[in-house]
Amino acid sequence: MLDKVEWLASQAFADLNKIANLKDLEDWRVRYLGRKSDFSQILRSLSALSPDERRVVGARANDLKVKLEETLTQKKSSLEDVVLSSSAEALDVTLPGRPVKAGRLHPVTQILNEVCDIFIGMGFQVAEGPQVEWEYYNFEALNMPADHAARDSFATLWMDYESEPGHRPMLLRTHTSPVQVRVMERTRPPIRIIVPGRVYRYEATDATHEWMFNQIEGLAIDTNITLADLKGTLYEFARSIFGKDRKVRFRCDYFPFVEPGVDMAIDCFMCAGAGCRLCGYTGWIEIMGAGMVHPDVLRRVGIDPDVYSGFAFGMGVERIPILRYGIDDIRLFFGNDLKFLQQF
Amino acid sequence: MKVSLKWLRDYVPVTEAASEIAHKLTMAGLEVEGMQVIGGDWKNIFVGEILAINPHPNADRLRLATVNLGSKQVTVVCGAPNLTIGDKIAFAEVGAELIDGHTGQKAQLKPAKIRGVVSEGMICSEKELGISGTHEGILVLPQSVQLGMLLADYMGDTILDIAVTSNRPDCMSVIGVAREVAAQTDKQVSVRAPAYAEEGPAIHSLAAIEIKAPDLCPRYCASLITGVKIGPSPSWLQQRLLASGMRPINNVVDVTNYVMLEYGQPLHAFDFKKVQDHRIEVRRAQEGEPFKTLDDIDRKLTKDMLVIADGKRAVAVAGIMGGQSTEVTDATAEILIESATFNAAVIHRGSLALNLRTEASLRFEKGLSRELPLIALKRATQLMVELTGCRVAKGIIDVYPGKEDSKQILFSAWEVKRLLGVDLSVDEIIRTLEKLSFECESTGIAEEILVTVPWWRTDVTNKADLTEEVARIIGYESIPTTMLSSSLPEPQTLPMRSFRQKTQDIMVHCGFQEIITYSLTSMEMLQKLSPKNEYIGPQPVRTAHPMSRELEYLRTSLRPGILATLVRNQRYKEATINLFEIGKIFLYKEKDLPEEREMLCAVLSSAQPKLFWRGNADPVDFYVAKGVVETLLSQLGIEAAFNPGDDASLLSGRNAVIVVDGDPVGVLGEVHPRVARAFDINDTAYLIEIDLEKLFSYRNDVKSYTPISRYPSTIRDIALLVDVAVSYEQIRKVIAASPLVNQVILFDLYSGEQVPQGKKSLAIRIIYQSAEHTLTDAEVDEVHKEILDILNHEFGVTLRS
């Protein structure tokens, strides 16, 4: 019996050597290792042998079977390698892939999200308010009563309310600052909000002027908030948005609803402060207006200016991508040309 | 405000470079927007005198001028018509940089032979010197100028162009800016008190002044001069006016303008002989009162305006512009000079209403000090004496119903620390404020300081204002930079914002480009949304004075904006266009702000799908659009039903309402071809519109977990013959209602050959699965048969064999 096992094995190995394709290999496997193969029959008929013979033959047969199987596996993988690497199956990898339709957020949305995230990281919360506002919130509440000269810098789009007797004047908000007042009216300090949103001006459009644009407003109110805190907050913001190497300049400016008033500028990244067309030959690019919230504004919403203080700031949002990407016409943002939008 | 550095030096000894002054002013809130250097490149230009004028031998229009430069004499060719022997002129030697009178370009002066005569130099016009555009004749200098000196030493100057903020009318004057420069450079301002002789009868016996509207005119001062000789102003005065951007007119008008520039107080000169009854009244205008202003325009006044009137009629719109009836002319000999204070708001409103912004109104509307009129009047009177040879009647009329005490503010070092975050001692604060002429007194109590505000600072009224003054002087750059250390507010999110952002993200992932369109639109655009071209939306809100017809109404729909954007992008023919916008629409509300509703609108269009070498992508159809809505809703965790819709902008029969919980939240469908045509859309377009705020109210933030079944599923595919009137959803509901059904997938829809008339064939895969055990064939057979029985019973559905 043992001789038969040995003979079968040597036969099998000899045959295997001659095999050159996967189909012959499968035939070989069925012949020598399949359920009906001589090998299997021998292993099945072991029970008929004497215990001594069974041990010897069984051990040898199993041993050879394992060896045959191993060799089969090796042979199979080497034959597969030949097939898989055959040049007939090679693709032209330079052919274009099937396009997947991808969308994008509008660049203004992207910037709004980015700016909000920076301030959220500093403990600010996002607040929103109406775009059509009462004259009161847009002006009076912010220290600009009727006929105040400072209103001239807010060319206003008024809504047609005159046909309705007793209707209070309403307008398309000229800045996001009315939301400051609305939030202060309904919230007690500590307050830390940012307000993104659309604002409107009665203005002819050109490459640098658009009648509709977006602003981001910030407000922080608590005991002991100082101009130093305002500087620190805006400094961090400016460097997050415009890069760690930017220099930031704070100077005095006037806005009726803050006192002291602040103008924040960054050094021009085109000329690094030397003076060029972008910065109007000043070396600085004005980014936003800010200041300590005016005591009269606080008093009007019932916050005691002798106990609480705070700062507010506001900036145009489109200005950030305009500066960052060198966009030369603000009208591109709402012109919605896909060739423009898909660059961001 | 244009400020000459030379003029500034009359009041403060500026030694710093102009650029440093500009920087300091800018940092302190007076932004210097530009600097113009006059004579910066006048290297070879000298003051000369014309000694002789001779004809040019070869040209009638040219003459030969002999110029004395002190050290030498030269003869040059000159074509100017105003050559006069004895005149002082500006002479440019060869090598000087001049502006070419014809090209406007800067060029170096070369020796030239003009019609055979050598000319080594040039007598310059204002244009050639770059002072102004005047090129009609040469610049004639005053006789007093020293011969041979560099023109730059005489006329050179630097002009600062300062953007004065509306709270600082005091800085719309040279003296005001001088005070700022002095404070910033640690110097003193010196302004000489005007003095002049008075003679003749007292002004009170010659003129009367009455303020009938003391609420709008707190002070009115006047002086009277006689024997005025109208003529041109001296060159120094003309030069200063020109440097400040004003045109010289005559000595009287120039003096009033000069004093306005110097002190910031607008003045007005009346021809006193034309002032009826020699009487001045300040009163409110009558509604519709006619008035001809100096600019020769007939205007109608309103009762909101203030006028200066004489005994008979209005003679000036107070603080804005004088009238023709009392205008100073060459024949004028007696003049009443007005110097008054008017209510800022009334001037602002009046100048807007008349569309008349004058140098005077721009100052008055910001609120001038009531102490200023008298000082400025005296200065103007003095200059009139000096420049017109007039006599001054004794005294000044000073009607002052609105006299106020000087403002005092109780301030403290603690307040500075509280608002600026800087530790300054009481002494440091006092020293700082005193630089700006604030009088300070330590009260001796704690860190308190009693501050008296100088009269010209109408803008300083409270502690915060004083804090800014301190900050301006110590410099914003010296204030430390700290991070907020105060307590954080209670955490609060804006759930609508998160929901909006999530919706945006899903739409982007579905392949849509976000757009942002204008909030204003036109009635024409809104009408295009209806196939009958008539407006069918909710009542829109109109702007009072539309910027254009295209921007007249607040949008009541996002559709016009997105459809117009689609059209604008149609030229990129090779691709499908998927757009979406999330934005507010505005709906009229009575006696209230309009309701602002946040909407999602999307369009899909693909007349020509993107070319691809393995076959083009499938074109867009209704079910592609629906797939987007289904994806969006499923990502948001919202279940919706789709019912046939009747939206007018959409094509009937390809038009669905999206319903959540019985509530219609949106629509989708094919844009009605007539609507598409109205917008110039030449492809089939599909539109999705969802009320984001409604959707938000149905959002499901709570997610639940269902264990994944460990047991195998059984698949049964069936083909059903169904009446065409029966919707797929009716069939699906019945199948899905069975507890063992895990999934229902429609994989074919067919009607036509082999399917009886009025029927359709639905091929459906039903996947059965249990969470508890492996289903046996018998179990599935039973449920499957049950389903078929119900379908047959309810809808007459049969199996297709």
*Averaging over all projection directions, find the projected area of the Cα convex hull of the range B:1-131 and quote it in nm² with one decimal place.*
10.4
*asked:* Pick from A:95, A:157, A:112 the residue whose mean-square fluctuation is largest in a GNM of chain A, springs joining Cα atoms under 10 Å.
replied: A:95
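So how strong a dipole does the range A:107-341 carry about its Cα centre when Lys and Arg Cβ are +1 and Asp and Glu Cβ are -1, to the nearest 20 debye?
So the dipole magnitude of the range A:107-341 works out to roughly 680 debye.
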*What accessible area per residue comes out for the protein assembly as shown, rounded to a whole number of Å², with a 1.4 Å probe?*
46
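Using the Cα atoms as the points, what is the convex hull volume per residue of the range A:2-90 in Å³? Before the final figure, lay out the partial values.
Working: hull volume 6.7 nm³, N = 89.
Each residue corresponds to 75 Å³ of Cα convex hull volume.
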*Give me the number: length gained by fully extending residue B:736 to residue B:294, i.e. 0.36 nm times residue separation minus the C-alpha to C-alpha distance, one decimal in nm.*
150.4 nm
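Can you give me the Rg/Rh ratio for the range A:245-344, using Cα atoms for both radii and the Kirkwood formula for Rh?
1.11
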*If you wrap a convex hull around the Cα atoms of the range B:349-473, how much volume per residue is inside, in Å³?*
175
*Over the alpha-carbon set of the range A:107-341, work out the extent along each principal axis and list the three values in angstrom, largest first.*
51, 46, 30
*Counting partner chain Cβ atoms within 10 Å of every residue's Cβ in A:95-107, what's the average?*
6
*asked:* Run the helix sum for the protein assembly as shown: -39,500 (n - 2.57) per DSSP H stretch of 4+ residues, divided by residue count, reported at 222 nm to the nearest 500 deg cm²/dmol.
replied: -9000 deg cm²/dmol
*Just tell me how shielded A:248-258 is by partners: mean number of partner chain Cβ atoms within 10 Å of each residue's Cβ, no decimals.*
6
*Sort out for me the Cα centre separation of the range B:490-523 from the range B:143-183, rounded to whole Å.*
54
*In debye, nearest 20, what is the charge dipole magnitude of the protein assembly as shown about its Cα centre with +1 on Lys and Arg Cβ and -1 on Asp and Glu Cβ, if you could check?*
1680
*Any idea what the dipole of chain B comes to, in debye rounded to 20, about its Cα centre with Lys/Arg Cβ at +1 and Asp/Glu Cβ at -1?*
1980
*the range A:119-183: GluC sites (Glu not before Pro) falling in loop per DSSP and having at most 16 other Cβ within 10 Å*: A:162
*Cβ-derived FRET efficiency at R0 45 Å, residue A:140 paired with residue B:279, nearest 0.05*: 0.70
_chain B, relative contact order in percent, only Cα pairs under 8 angstrom and at least six apart counted_ = 8
_Unit charges at the beta carbon, dipole of the range A:103-188: most positive-side option, A:116, A:169, A:132_ = A:116
*Span from the the range A:99-150 Cα centroid across to the the range A:300-331 one, whole angstrom*: 8
_Quick test of your reading: applying the under-4.7 Å Cβ rule, which cysteines of the protein assembly as shown are isolated?_
A:116, A:252, B:78, B:124, B:171, B:217, B:221, B:390, B:440, B:510, B:601
*Which of B:109, B:130, B:143 sits farthest toward the positive end of the charge dipole of the range B:82-180, with +1 on the Cβ of Lys and Arg and -1 on the Cβ of Asp and Glu?*
B:109
*Hey, got the average number of other protein chain Cβ atoms within 10 angstrom for residues in B:559-571?*
2
*Taking both sides together, what accessible area is buried at the B/A interface, probe 1.4 Å, expressed in Å² and rounded to the nearest 100?*
8100
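Using the 2.2 N^0.38 Å rule of thumb for compact globular proteins, work out how the range A:135-210 stacks up: its C-alpha Rg over that value, please. Don't skip to the answer; put the middle values down first.
Working: Rg = 14.3 Å, N = 76, 2.2 N^0.38 = 11.4 Å.
This ratio for the range A:135-210 stands at 1.25.
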*May I ask for the distance between the Cα centers of the range B:721-743 and the range A:157-192, given as a whole number of Å?*
53
_Rg to Rh quotient for the protein assembly as shown, alpha carbon positions, Kirkwood Rh_ = 1.16
*Under a no-solvent Debye model with one identical scatterer per Cα of the range B:383-534, what's log10 I(q)/I(0) at q = 0.08, 0.14, 0.17, 0.19 Å⁻¹?*
-0.62, -0.86, -1.03, -1.15
*Where does the range B:145-237 land on Rg/Rh, using Cα atoms and the Kirkwood Rh?*
1.07
*Hey, can you rank A:170-183, A:23-36, B:409-422, B:205-218 by average C-beta count inside 10 Å, highest first?*
A:170-183, B:409-422, B:205-218, A:23-36
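Only Cα pairs under 8 Å and at least 6 apart count here; give the relative contact order of chain A as a rounded whole percent.
RCO, chain A: 14 percent.
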*Using the structure shown, select from B:6/B:187; B:759/B:785; A:23/A:65; B:703/B:785; B:212/B:378 the pairs with a Cα to Cα distance greater than 27 angstrom.*
B:703/B:785
_In whole percent, and with a 1.4 Å probe on the protein chains, what portion of the accessible area of the range A:2-90 is carbon and sulfur?_
53
*If we sort B:493-504, B:308-319 on the protection proxy, mean other Cβ atoms within 10 Å, highest first, what's the order?*
B:308-319, B:493-504
_Hull volume in cubic angstrom per residue (convex hull over the Cα atoms of chain B)_ = 304
*Of B:276, A:212, B:175, farthest towards positive along the dipole that unit charges on Lys, Arg, Asp, Glu beta carbons give the protein assembly as shown*: A:212
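The values are calculated or read from the model by the stated rules, or taken from the named source; none is laboratory data. Bear in mind that the values here come from a model prediction, so they are computed numbers and not experimental data. Positions of Cβ are backbone-derived with ideal geometry, glycine not excepted, and every protein chain shown enters the neighbour counts. Surface accessibility is based on the protein's heavy atoms, side chains included, excluding ligands, DNA and RNA. Shrake-Rupley method; radii C 1.70, N 1.55, O 1.52, S 1.80 Å.
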